[in-house]
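Where a number appears in this text, it was derived from the coordinates with a stated rule and is not lab data. Remember, it's a predicted structure, so these values are computed and weren't measured experimentally. For neighbour counting, all protein chains shown are included, and Cβ atoms are generated from backbone atoms with ideal geometry for every residue, glycine included.
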Amino acid sequence: MHMKKFFILVLATGFLIGCQPAPAPKAMQSGPTSLKLRQLQSKKFDTLDEAVMLTASMEVLQDMGFMISEAESKLGVIVATKQRETDNRAQRVALIALSIFAGDGSLRGIEQSHNIRVSLVTIPDKSKKNTTVRINFQRQVFDMEGNMVKMESLNEPLLYQGFFSKLSKSVFLEAHEI
Amino acid sequence: MIKKYIMPTTCVALLFLSGCYSNANSVLDSSAKSQLQLRSYQSRAFDTTNKTKTLRTVIATLQDLDFVIDKADDTLGTISATKYTNNRALKMTVTVRPRGKSQLIVRANAQYGIYPVEDPKSYQDFFSSLSKSMFLDAQEVE
């Protein structure tokens, strides 16, 4: 009996020591999705003035309530973050009620807030006399007890269309100094 | 007779094991692979001297691979980025520095969740994507 327990113990310890996860085999490979992502996340503007594009982009990020956490104009990079309530208020109320009436009243796993991160890059093309702006978003989601429940990149087309429509307006404003 | 002592002995041994450890291992990460090995699969040389352009290409490649940039510094030649995959963070730092008069060395290191990425294939994939975007060969560094 004791021997059996001993072996189980050794086996369990072995498992604990042995499990070091490797990144998904294709995590560093570019594929067809890379091209689709690039198209979704990029927009060309008819100017070679990178500084103007960076300033306009920064303004839009501020319009959206982002805090700039890093900027390197020589490489055309802006990084920004913000914390917000998640857009699932109705669902959250339903889940809380369900947990109270039918569960143990735990608020674990009910999404409440997220940290959103964005990196924005300007890419001037001297031969074609335009500047591409590329942006990508990701987020960490927290539940009502403050545990992180999800980490993901945000690739909804609506998000990017919305951003670029704001940026186009901002560029117009910048260009004409209204 | 011996069986009687197995459990208590194991428990005492486990207690000792759980009590004594040093943080040197996880801080220095010096156990798994030699520094030379590590540098050889984390580095590639490119036949160009344009550091800024190379850094910009690194940024573009990282965004293609679904990374969001964390930090970028042209002077030091360093880019850090994070990709969320399978609810874990894949973090990567890429540095660019001159080698001799005609080459640049690009070096990358990565961590996945709380573990270092020690699988040469991942770095190979990264450098192969980078070399396509650079229109230059990624040469192994001795």
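Free of any GluC sites (Glu not before Pro) that DSSP assigns to a loop and that have at most 14 other C-beta atoms within 10 Å, the longest stretch within chain A is A:1-144.
Relative to the dominant Cα principal axis of chain A, helix A:89-102 is inclined by about 10°.
A P(r) calculated from all alpha carbon pairs of the range B:1-82, with 5 Å bins opening at zero, reads 3, 10, 11, 12, 12, 12, 8, 6, 6, 6, 5, 5, 3, 2, 1 percent. Computed over the protein assembly as shown, the quotient of the alpha carbon radius of gyration and 2.2 N^0.38 Å is 1.25.
Here, the range A:131-173 has an Rg and a Dmax of 14.6, 44 Å when only alpha carbons are counted. The chymotrypsin sites (Phe, Trp or Tyr not before Pro) of the range B:2-66 meeting both criteria, a DSSP state outside H, G, I, E and B (loop) and at most 14 other C-beta atoms within 10 angstrom of the site's C-beta, are B:TYR21. For the peptide A:116-127, the mean number of other protein chain Cβ atoms found within 10 angstrom of a residue's Cβ is 3.
By the rule of a C-alpha distance below 14 Å, with chain neighbours fewer than 8 residues away ignored, the aspartates and glutamates paired with A:LYS36 are A:GLU156, B:ASP64, B:ASP66. Helical content of the protein assembly as shown, expressed as a calculated mean residue ellipticity at 222 nm, amounts to -13500 deg cm²/dmol (DSSP H runs of 4 or more residues, -39,500 (n - 2.57) each, divided by residue number, nearest 500). Electrostatic tally near B:THR61: other residues with Cβ closer than 13 Å to its Cβ, Lys and Arg +1, Asp and Glu -1, net +4. Relative to the longest principal axis of the Cα atoms of chain A, the long axis of helix A:2-18 lies at roughly 10 degrees. How far is the Cα center of the range A:104-163 from the Cα center of the range A:59-74, in Å? Centre-to-centre (Cα) distance: 14 Å.
The mean of 1/r over all distinct Cα pairs in the range A:48-92, once inverted, gives the Kirkwood hydrodynamic radius of 12.1 Å.
Axis of helix A:157-176 versus longest Cα principal axis of chain A: the two differ by about 30°, to the nearest ten degrees. The Cα-based radius of gyration of chain B, divided by its Kirkwood radius, gives an Rg/Rh of 1.19.
Taking the Cα atoms of the range A:21-178, the ratio Rg/Rh between the radius of gyration and the Kirkwood radius comes to 1.07. The lysines within cross-link reach of B:LYS4, meaning a Cα-to-Cα straight distance under 20 Å and a gap of 8 or more places when in the same chain, are A:LYS4, A:LYS5.
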